[in-house]
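Undergrad: Structure provided below as structure tokens; questions to follow.
The values are calculated or read from the model by the stated rules, or taken from the named source; none is laboratory data. Values in this document were obtained by computation on a predicted structure and should not be read as measured data. Positions of Cβ are backbone-derived with ideal geometry, glycine not excepted, and every protein chain shown enters the neighbour counts. These area figures cover heavy atoms from the full protein model, side chains too; ligands, DNA and RNA do not enter into them. Shrake-Rupley method; radii C 1.70, N 1.55, O 1.52, S 1.80 Å.
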Amino acid sequence: MNGATTTAKSPFDGIRVALGIGGLLALAVGVVILVWPGKTAMAVTALVAAYVMIAGVIYAAIGGLSSSSGAWARVGHVLLGLVFVVAGVIAFTSLSQTAAWLGTFLGVLLGILWIVEGVVALSTLPRAGSKVWSVVFSIFSIAAGALLLVAPLWGATVLWMLMGISLMLLGVVNIVRAISLGRRPR
């Protein structure tokens, strides 16, 4: 043995790198959302539109190439594929309007879900351990849902900004975790 030293890797090195990279990505996406909220919403819309177009091509190919399916199934797949492709093309031609529509749709959907969640929480009131907290939750859930139904795009915008802030905060926390992971407490 010539006394050459081997560096022992910590079992935390891979975890630290993953946390650090994930934290940096979350921080970057959060900053981009806060600095360019409209452009990032359009980028997400473009990803959805690309997915829709790819799915449309796949459906059309399934309909056109499938020899084991019946005629109606094949025609249905081709028509569905064409509808998907046309929807994707329309989305790409006006990304800002599609992003606004998508935000409105998600705001309405979330508003309905929150109202239903509040009503369901009220329906569990007889079995609730804390009736006060169940009623408070229900009131807030129904009120937040109603607010989203009244102004769905505004609500979606606020939620988009909160997501940006959350991603920034979680990114910073994960970066700190990555730096401190495996260190001994002082």
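Undergrad: Take every Cα pair under 8 Å in the chain that's 6+ residues apart, average their separations, divide by the length, and report that relative contact order as a whole percent.
TA: Relative contact order here is 35 percent.
Undergrad: Probe radius 1.4 Å, ligands and nucleic acids left out: which of TYR51, TYR59 has the largest accessible area, and how do the rest follow? Each step should come with its number before you reach the end.
TA: Numbers: TYR51 145, TYR59 80 Å².
Largest accessible area first, the list is TYR51, TYR59.
Undergrad: Another question about this same structure. Per the Kirkwood formula on distinct C-alpha pairs, the Rh of the stretch 44-186 is how many angstrom? Present the calculation step by step, with values, prior to reporting the outcome.
TA: Details: mean 1/r = 0.0518 Å⁻¹.
For the stretch 44-186, the Kirkwood estimate is 19.3 Å.
Undergrad: A follow-up question, please. Quick one: if you stick a label point 7 Å off each Cα along the C-beta vector at ARG177 and VAL35, how many nm between them?
TA: With each label point 7 Å from Cα toward Cβ, the separation is 2.5 nm.
Undergrad: Okay, next question. Roughly speaking, to the nearest percent, how much of the stretch 69-142's 1.4 Å accessible area is carbon and sulfur?
TA: Whole-percent figure for carbon plus sulfur exposure: 81.
Undergrad: Provide ARG127, ARG183, ARG177, ARG16 ordered by accessible surface of protein heavy atoms (probe 1.4 Å), highest first.
TA: ARG127, ARG183, ARG177, ARG16
Undergrad: Moving to a separate point now. Accessible area per residue, 1.4 Å probe, Å², for the chain: what's the number? Please list the in-between numbers first.
TA: Values: 12730 Å² over 186 residues.
Per residue, the chain has 68 Å² of solvent-accessible surface.
Undergrad: Something else: Label-point separation (nm) for LEU82 and SER123, each offset 7 Å from Cα along Cα-to-Cβ?
TA: 4.2 nm
Undergrad: When the helix-only estimate is applied to the chain (DSSP H runs of n ≥ 4, each -39,500 (n - 2.57), divided by the residue count), what is the mean residue ellipticity at 222 nm, nearest 500 deg cm²/dmol?
TA: Computed ellipticity for the chain at 222 nm equals -29000 deg cm²/dmol.
Undergrad: Based on C-alpha coordinates, I'd like the Rg and Dmax of the stretch 51-100, in Å.
TA: Cα-based Rg and Dmax for the stretch 51-100 come out at 12.7, 42 Å.
Undergrad: If DNA, RNA and ligands are ignored and the probe is 1.4 Å, what is the ranking of THR93, THR157 by accessible area, most exposed first?
TA: I get THR93, THR157, largest accessible area first.
Undergrad: Tell me which residues come under 5 Å, amide H to amide H, from SER94 once H is placed; ignore anything under 5 positions away on its chain.
TA: none
Undergrad: Which value results for Rg/Rh of the stretch 138-186 when Rg is the Cα radius of gyration and Rh the Kirkwood radius based on the inverse mean 1/r?
TA: Answer for the stretch 138-186: 1.32.
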